[in-house]
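Notes follow once the structure below has been shown.
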Amino acid sequence: MLEQAATGLSAQEARDIAREAYVFGLPLVEHYRLFAMTFRPESPQFRPANQFLHFSRLFTPEDREVVSPNNDTLYSVAVLDLRGGPVVLETPELNGRYFCIQLVDITTNNLPYIGTRATGTTPGRFVISGPDWTGQLPESLKDASLIRSDSWFVAALLRVGVDGPKDLAAAAPLQREFKATPLHVFSEQPAPKLTDVSWPAYFDDKADASLKAFEYINFMMRWHRFSDAERPLLARLARVGVRPGESFDSRSLPPDLRDAMLEGVREARESIQQRPTLHQGWELPDPKVGDFGDDYALRARVAWNYLYANSPAEAIYPVTHLDGAGRPLDGARARYVLRFPKEAIPPVRFFWSLTAYESKSHMLVENDIHRYSLGDRSRTLRRSEDGSISFFLQGTPPEAARQSNWLPVPSGPFYLLLRLYGPTEAALRGRYVPPAVEALND
């Protein structure tokens, strides 16, 4: 079948289409890893669909399932199986505490949000349906909100705000009050008969530059209904064997086409890792994050670096890998300071934080004081007399007067993520630019 798909292709065409297919499909492969961790029996997180897994602690460097994880909220995650009908999400009374449920379809686009910003903190019920559901809601759910998805499987990522470790005892019990229940339970109908899915083995595409990613792209594409506008693109990708639900075996390709496709994959991976335009060293979030449309390059870059990034209305994440002189941040080469003048404190409705990550692993930085982020809720953080806030970024402890604002970094390359939860209009419109990170000379 793959041989037939490639019939008549020149090497240049195979290279170009493979590059396009990899950029298009990388987010699906990155997203797949969550499904593998949920549904593969050998996974330590193995569980049924429609069941939340709660992490009732703040993340540390030992948590390596998600790149650039936050240290501001408790995480919970469920995979919703919508093949047999909708799933009902129930949220408890949060009494004003920040939370959000980010619903992510197969392509990593976000559905409408549930949470403090979007729906409030009073109890609620939300019906999540797949692309082919045409049923009716029972009377008991007449006041529920309906959210439709173009995917038959949807990730539900719950974040509950925590004001530091001392708030965990109050925040953690709230996680268990969130519920995901198939609609048939409310309708008092028997459970639908669903075909078992054979989920492929866990695969880390970042560690593999072969054509294997296309096997996973094909597998994941079958669980999404693509729009009519995407049909010409899908027809193009099909010429190299990238088709929803079909097998892909690169060994059946002629050697010249296989080599050409490998070159296309190499070019795609290089393009995905290119840095966009910077502002004082910071990459500002694109307003299309989470609702990517046909900007597949942006979708791929976000999936590679910050999978499950929130939509800008919920939170934005300026990121920098450079100091003010344009040099890569490196804890082995320098110590740094990031100073926010009073008038440049991050503008938010909820809260903000600064987090450091190792550049190679995209994970939190191990350190002796177990401090992985600092922000406006940090009890140690101190303002200067002029109202400014200075963060001291280094691997070894600074002098005593600076230790309250010390954010440990690795003895090697790192990057910084500034998270703004509930950004103001100025931040959403790109009018807020964080100050540059400066090397310390004292």
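Computed from the coordinates by the stated procedures, all read-outs in this text should not be read as laboratory data. These figures come from a predicted structure and were not determined experimentally. Don't worry about glycine lacking a Cβ; one is built from the backbone with ideal geometry, like all the others, and counts go over all protein chains shown.
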Out of residues 5 or more away from Gly324 or on other chains, whose amide H comes under 5 Å of its own, with H placed 1.01 Å from N in the peptide plane? Val437, Glu438, Ala439
For Gly115, which sequence-distant residues (separation of 5 or more, or a different chain) have an amide H within less than 5 Å of its own amide H, given hydrogens modelled in the peptide plane? Ile101, Gly120
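To one decimal place, what Kirkwood hydrodynamic radius in Å is obtained for region 187-335 from all pairs of distinct Cα atoms?
Details: mean 1/r = 0.0532 Å⁻¹.
Over region 187-335, the inverse of the mean reciprocal pair distance is 18.8 Å.
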Place the peptides 79-90, 424-435 in order of packing, highest mean first, counting for every residue the other Cβ atoms within 10 Å and averaging per peptide. 79-90, 424-435
Whole-percent pair-distance distribution, where bins are 5 Å wide, for the alpha carbons of region 367-442: 3, 12, 21, 25, 20, 12, 6, 2
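Just need the Rg to Rh number for region 28-162, please, alpha carbons only, Kirkwood Rh. Intermediate values should be presented prior to the final figure.
Numbers: Rg = 15.0 Å, Rh = 15.7 Å.
Radius of gyration relative to Kirkwood radius: 0.96.
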Have a look at Ala213, Ala201, Ala156 and tell me which one the Gaussian network model of the chain (Cα, springs below 10 Å) gives the largest fluctuation. Ala201
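Could you check what % of the DSSP bridge pairs in the chain are antiparallel, to the nearest 5?
On the way: 60 of 67 bridges.
For the chain, the DSSP antiparallel bridge percentage is about 90.
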Going through region 325-413, which trypsin sites (Lys or Arg not before Pro) have at most 10 other Cβ atoms within 10 Å and a DSSP loop state? Lys360, Arg379
Could you work out how far the C-alpha centroid of region 335-361 sits from that of region 375-442, in angstrom? 4 Å
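Quick check for me: using +1 on Lys/Arg Cβ and -1 on Asp/Glu Cβ, what's the dipole size of region 302-351 about its Cα centre, in debye to the nearest 20? Write down the numbers at each step before the final one.
Values: 6 positive and 4 negative charges, 42 e Å.
In debye, rounded to 20, region 302-351 gives about 200.
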Name the residue from Val185, Ala213, Trp199 whose Cα lies farthest towards the positive end of the charge dipole of region 152-240, charges +1 on Cβ of Lys and Arg and -1 on Cβ of Asp and Glu. Ala213
Per DSSP helix of 4 or more residues, -39500 (n - 2.57); summed, then divided by the residues of the chain. What does that give at 222 nm, rounded to the nearest 500? -6500 deg cm²/dmol
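So for region 251-353, what percent of the C-alpha to C-alpha distances run longer than 18 Å?
Taking all Cα-Cα pairs of region 251-353, the fraction more than 18 Å apart is 64 percent.
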Rank-order 246-257, 225-236 by packing density, defined as the average count of other C-beta atoms within 10 Å over each peptide's residues, highest first. 246-257, 225-236
Of Thr60, Thr277, Thr91, the one that fluctuates the most in a GNM where the chain has Cα springs shorter than 10 Å: Thr277
Dividing the mean separation of Cα pairs under 8 Å (6+ apart) by the residue count of the chain yields a relative contact order in percent of 20 percent
Roughly how many Å is it from the Cα centre of region 77-101 to that of region 249-307, as a whole number? 31 Å
Quick check for me: using +1 on Lys/Arg Cβ and -1 on Asp/Glu Cβ, what's the dipole size of the chain about its Cα centre, in debye to the nearest 20? 600 debye
For the chain: lysine pairs under 28 Å (alpha-carbon distance), excluding those fewer than 8 apart on one chain: 9
Compute and list, largest first, the equivalent-ellipsoid semi-axes of the chain from the alpha carbon gyration tensor, each √(5λ) rounded to a whole angstrom. 37, 30, 18
Can you find, among Phe292, Pro92, Ala78, the residue farthest towards the positive end of the dipole of the chain? Put +1 on the C-beta of Lys and Arg, -1 on that of Asp and Glu. Pro92
The relative contact order of region 126-179, taking Cα pairs under 8 Å that sit 6 or more residues apart, comes to a percentage of 33 percent
What does the highest-first list of 237-245, 286-294 look like by mean Cβ count within 10 Å? 237-245, 286-294
Can you tell which of Gly412, Gly375, Gly135 shows the greatest fluctuation in a Gaussian network model of the chain with Cα springs below 10 Å? Gly135
